[in-house]
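Every number here is computed from the coordinates shown, using simple stated rules; none is lab data. Because the structure is a prediction, the values reported are computed rather than measured. No Cβ is skipped: glycine too gets one built from the backbone with ideal geometry, and neighbour counts run over all protein chains shown.
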Amino acid sequence: MKIMIATGGTGGHINPALDLAHILKLRNPENEVIFVGSDNRMEATVIPDAGYKFYGLHITTTAGSIISKVKYATSLMQAYFESKQILKQEKPDICIGFGNYISVPLILAARHLGIKTMLHEQNSFAGKANKFLSHFADAVVGCYESNKLQMAKANVRILGNPSASVVKDVVFNPEVIERIGLSKDIPFVVFMMGSLGSSSVSKVIDEAIPLFDYDFQVIIVNGKANSYQFQNTDFSNIKFVPYIDGKQALKGCTLAVTRAGATTISEICALPAAAVLIPSPFVANNHQVYNAKELADKGAAIMIEENELSPQLLATTVNMLVHDQLRCNKLKENAHKLAKANAANQMIDWIEEVLHG
């Protein structure tokens with residue numbers, strides 16, 4: 001098969017697309033996967049670095065004045081015609097959109113050329129691009145039952161996030177924490193606020209540090225673009241790092257305190273991990289709040305909204321959970337019930353069904 005995937009903008013869209021591509025190649029090395037994304041966002045670097053052919057489209061943002069909106073509409077139309085040319089050149093069997101506005105021109109162009117199309121929605125609350133495109137797509141893969149209601153006229157199956165298929169067999173390597181000076185024999189809590197970090201949450205974590213009990217270790221992942229400077233850095237059981245292998249950290253930790261992005265949620269469920277979720281209030285359509293609520297309502301995670309967060313609440317919650325192994329085990333058990341560990345293979349099965357069924 002020759003598959004063309006449109007994705008971009010954030011890791012939440014890009015990672016599951018790359019994970020699907022990985023499983024496609026494992027299933028059949030002759031499968032060919034080509035990506036389309038924005039020419040000036042992270043996918044333009046991340047995807048070629050992963051070894052895949054990549055076409056970059058240029059679409060301006062909609063923010064600002066009427067002139068900006070006109071430029072956006074013009075660039076979207078230009079991207080549509082460029083997509084048509086790419087499709088005529090590559091002749092894929094199917095095009096798959098993983099959300100974000102970059103999917104729109106490719107999926108519409110594929111539809112108009114008679115090429116089969118599929119969408120993947122990672123979040124509990126479907127994004128605008130996927131809602132719009134669901135009226136034209138041959139198939140839609142969702143991660144939550146709510147996706148069926150949000151795209152009621154589409155052919156939707158709840159198969160899950162392909163990232164779950166990649167992380168389900170991860171085995172914790174203690175060297176991950178030993179390299180940063182921590183002991184493999186003492187429980188650890190990991191704080192991860194996304195690849196960019198969060199200054200506002202970092203300040204709360206900083207003020208909570210003196211309130212943490214001393215019988216566990218703490219890893220605080222700053223994020224590469226986090227400008228906050230931690231003050232409480234003299235505790236021997238606490239380490240600050242700009243980056244950590246998130247899958248390893250989630251697999252080995254006693255407790256994770258994280259954002260509620262789609263990929264993180266799928267990993268928490270598939271590994272599984274006991275988690276406190278602090279959803280970002282700064283994402284489109286409040287995606288992360290809806291994602292976190294899906295788990296919290298099912299006893300699969302603890303959710304604290306950022307406007308309710310305080311150093312005292314954070315420290316009390318962390319201290320309580322670290323010392324309540326039964327509660328942590330229950331969170332992990334309930335999270336694992338939500339995991340769709342075979343998501344990638346089931347999605348590939350459906351791709352083949354759409355093409356040949």
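Pull out the extension gain between Tyr214 and Tyr228, defined as 0.36 nm times the separation in residues minus the alpha carbon to alpha carbon distance; nm, one decimal.
Extra length available between Tyr214 and Tyr228 comes to 2.7 nm.
Rounded to the nearest 0.05, what FRET efficiency is calculated for Met77 and Asn286 with R0 set to 35 Å and r the Cβ-Cβ distance?
0.75
Give the shape of the stretch 175-338 as rounded, prolate or oblate, defined through the alpha-carbon gyration tensor: a ≥ b ≥ c are the square roots of its eigenvalues, a/c under 1.5 means rounded, and otherwise the shape is prolate if a/b is larger than b/c and oblate if not.
It comes out rounded by the Cα gyration axes.
Work out the FRET efficiency for Asp324 and Leu149 from their Cβ-Cβ distance, taking R0 = 30 Å, and round it to the nearest 0.05.
0.25
Please label the shape of the stretch 254-357 as rounded, prolate or oblate, based on the square roots a ≥ b ≥ c of the eigenvalues of the alpha-carbon gyration tensor (a/c under 1.5 means rounded; beyond that, a/b larger than b/c means prolate, else oblate).
Oblate is the answer for the stretch 254-357, as a/c is 1.5 or above yet b/c matches or exceeds a/b.
Report the per residue volume, in Å³, of the convex hull enclosing the C-alpha atoms of the stretch 144-221.
Cα-based convex hull of the stretch 144-221, divided per residue, equals 173 Å³.
Looking only at Val170, Val156, Val257, which one moves most when the chain is put into a Gaussian network model with springs between Cα atoms under 10 Å?
Highest fluctuation among the options: Val170.
Could you tell me the relative contact order of the chain? Use alpha-carbon pairs under 8 Å, at least six residues apart, and round to a whole percent.
Reported relative contact order: 15 percent.
What's the exposure ranking of His58, His356, going from fewest to most Cβ atoms within 10 Å?
Final ranking by Cβ density, sparse to dense: His356, His58.
What are the extents of the Cα atoms of the stretch 165-265 along their three principal axes, in Å, largest first?
38, 30, 19
Please report, largest first and rounded to whole Å, the three semi-axes of the ellipsoid equivalent to the stretch 199-255, where each semi-axis is the square root of five times an eigenvalue of the C-alpha gyration tensor.
17, 16, 9
Would you calculate a helix-derived [θ] at 222 nm for the chain, using -39,500 (n - 2.57) for each DSSP H run of n ≥ 4 and dividing by the full residue count, to the nearest 500?
The per-residue figure over the chain is -13000 deg cm²/dmol.
Set the Förster distance to 41 Å, then compute FRET efficiency between Ser199 and Lys337 from the Cβ-Cβ distance, nearest 0.05.
0.75
Under 37 °C and 0.692 mPa s, how fast does the stretch 14-98 diffuse according to Stokes-Einstein, given a Kirkwood radius computed over C-alpha pairs? Answer in µm²/s, whole number.
It comes out at roughly 230 µm²/s.
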